[in-house]
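The values are calculated or read from the model by the stated rules, or taken from the named source; none is laboratory data. Everything numeric in this text was worked out from a predicted model, so none of it was measured. Glycine also receives a Cβ, built like all others from the backbone with ideal geometry; neighbour counts cover every protein chain displayed.
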Amino acid sequence: MNAPEEDPGVKYRRVVLKISGEGFAEPGQRGISMQAVEHIAQQTKLAADQGVQLAVVIGGGNLLRGAQFTSQSSSIHEATAHYMGMLATVMNGLALQDALESLGCQTRLMTAIRMDGVAEPYIRRRARRHLEKGRIVILAAGTGSPYVTTDTAAVLRALELEAQVVLKATRVDGVYSDDPEKNPHAVLYSKLTYQQVLEQRLRVMDPTAVAQCMEHDLPVMVFNFQKPGNIVRAVRGERVGTLVHSASATSQPPGPRTQP
Ligand code: UDP
């Protein structure tokens, strides 16, 4: 299959889409819901159909997060728990791969921890080649190293694959001044600088990931993946959530946009 034709209205030609594990489960639940996975696959296909080269970094929080596990059990080494978390992302990745292929998409699942027979090993040049051929590349097992999260994996992969943006898919409309589910006065930001995110400890990504973005001037768009069509709007450069970028990228001081 050849790559879909490029649409001139598309702003970002190569993107890393970060989907947290929570997107793979029903709201408030754990495990894998195939209905949720099918929704992710449909939305992801819409972006691929725009001719965007798409690498999807998968989280695993719906199944297991290393940090949670260690607080419950001291008999498991913290590093082991993180490896378990990385394996959880592979299960999500397998589910997404099949859901995408049932929609007719060409995909490759690549893992940062070798597991021949299940997926290809992640090799940067190979991943780039898949992207150039129009295949959706699903990146699982995070960085392959414990003590970090898949947010950091998303940023590192975006840098090495030379993606123009990290699209962080969430269940809320963007970055808020406070938890919008608990505080009805929480304000939704339209734009933020990396510095503001770090100083105000806003929940965008883990601080290591934000610091990497800042160092390399890699923009992050945080948006609601549940709203149909938002992914297409995001790759077309339309404002669908909160854009986190460098101070020099804007002439206006970033500020709150709306009351939710
Ligand atoms: N993890 C890790 N190294 C990585 C990526 C992930 O050790 O490079 C582990 C870590 O324990 C993490 C878990 O895998 O909690 C699942 O990933 P994450 O919490 O980022 O998933 P998400 O919150 O996006 O669902």
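Structural remarks
- Gln35 satisfies every condition listed in (1) more than 16 Å from the ligand (Cβ to nearest atom); (2) buried (at least 17 other Cβ atoms within 10 Å of the Cβ); (3) farther than 22 Å from Val10 by Cβ; (4) polar (S, T, N, Q) except (2).
- One residue alone among Leu46, Leu64 is closer than 24 Å to Leu159 by Cα, more than 14 Å from the chain's Cα centre (by Cα) and at pLDDT below 95, and that residue is Leu46.
- In the condition set (1) in contact (Cβ under 8 Å) with a residue 60 or more places away in the chain; (2) part of a strand (DSSP E or B), Val222 is compliant with all but (1).
- Within the range 110-203, strands (runs of 3 or more DSSP E) holding 2 or more residues that are within 16 Å of the ligand (Cβ to nearest atom): 136-140, 165-170
- Residue match in the range 68-83 (condition: of a type in the set (Gly, Ala, Ser) and modelled with pLDDT of 95 or more): no
Quick grid of which residues meet (1) buried (at least 17 other Cβ atoms within 10 Å of the Cβ); (2) aliphatic (A, V, I, L, M):
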site	(1), (2)
Val165	yes, yes
Arg171	no, no
Gly174	yes, no
Pro184	no, no
Arg201	no, no
Thr208	no, no
Val220	yes, yes
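- The lone exception for Val155 - which of (1) modelled with pLDDT of 95 or more; (2) within 24 Å of Gly66 (Cβ to Cβ); (3) surrounded by fewer than 19 Cβ atoms within 10 Å (Cβ to Cβ) it fails: (3)
- Listed conditions (1) under 18 Å from the mean Cα position of the chain (by Cα); (2) more than 8 Å from the ligand (Cβ to nearest atom); (3) assigned to a helix (DSSP H, G or I) are all met by Met86, apart from (2).
- The set of residues in the range 98-114 that are touching a residue at least 12 places away in the same chain (Cβ under 8 Å), touching a strand residue (DSSP E or B) at 6+ places or on another chain (Cβ under 8 Å) and over 20 Å from Ala163 (Cβ atoms) is empty.
- Ala79 vs. criteria in a helix (DSSP H, G or I), free of Cβ contacts under 8 Å to residues at least 60 places away in the same chain, surrounded by fewer than 16 Cβ atoms within 10 Å (Cβ to Cβ) and at negative phi: no
- Every listed requirement among (1) modelled with pLDDT under 95; (2) of a type in the set (A, V, I, L, M, F, W, C); (3) in contact with an Asp or Glu (Cβ under 6 Å, 6 or more places away or on another chain) is met by Ala169 save one, (3).
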